[in-house]
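A short reminder: the numbers here are calculations on the coordinates, not readings from a lab. These numbers come from a predicted model, not from an experiment. No Cβ is skipped: glycine too gets one built from the backbone with ideal geometry, and neighbour counts run over all protein chains shown.
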Amino acid sequence: MNHGREQVRRQREVWVQAERARREQWVADKTKEIKEATVRGLEPDIQRLIARHTQEMRRLEESVREEARRELASEASRAEREIGRLQARRRDLTARSHREISPRDLTARWRVRAPARWPRDGPEMARDEARSACRRLR
């Protein structure tokens, strides 16, 4: 009789283990099914979030591009103003230097530009022309 009880106990243990395995498999299958249903249910929300994110990224990129365009235009106009200012300054300095050139400087420049061609074209002629230039300036 012990043998019968032992056999029943073993069969019960086998049945309990099999039932436990079936239950665990059922729980795993149900968990997987619930997860898939959840993902399918959330798919439209996820797609909407992705679309919103993509749209926001495009808007931000366009905003950055527009800001860069504005900064570039601003820098270009600033550079043009600076170039104009420097050109005006150069004209002023050139005019001032022309006003401040002395007759001696004119003579020296003339000598450098026009080499002597005649025997009298040397220093004597330069001196005479410098004197006449001084008289004309007076």
What does the extension gain come out to for residue 135 and residue 6, with contour length at 0.36 nm per residue minus their alpha carbon separation? 31.9 nm
Pop the C-beta distance of residue 15 and residue 45 into the FRET formula with R0 = 35 Å and round what comes out to the nearest 0.05. 0.20
Using a simple spin-label model with points 7 Å from Cα along the Cα→Cβ vector, what separation in nm is obtained for residue 81 and residue 53? 4.4
Across the range 33-43, in residue order, what do the Karplus-derived ³J(HN,Hα) couplings come to in whole Hz, using 6.51 cos²θ - 1.76 cosθ + 1.60 with θ = phi - 60° and x for Gly and Pro? 4, 5, 4, 4, 5, 5, 5, 4, x, 8, 3
In Å³ per residue, the alpha-carbon convex hull of the range 2-100 encloses 106
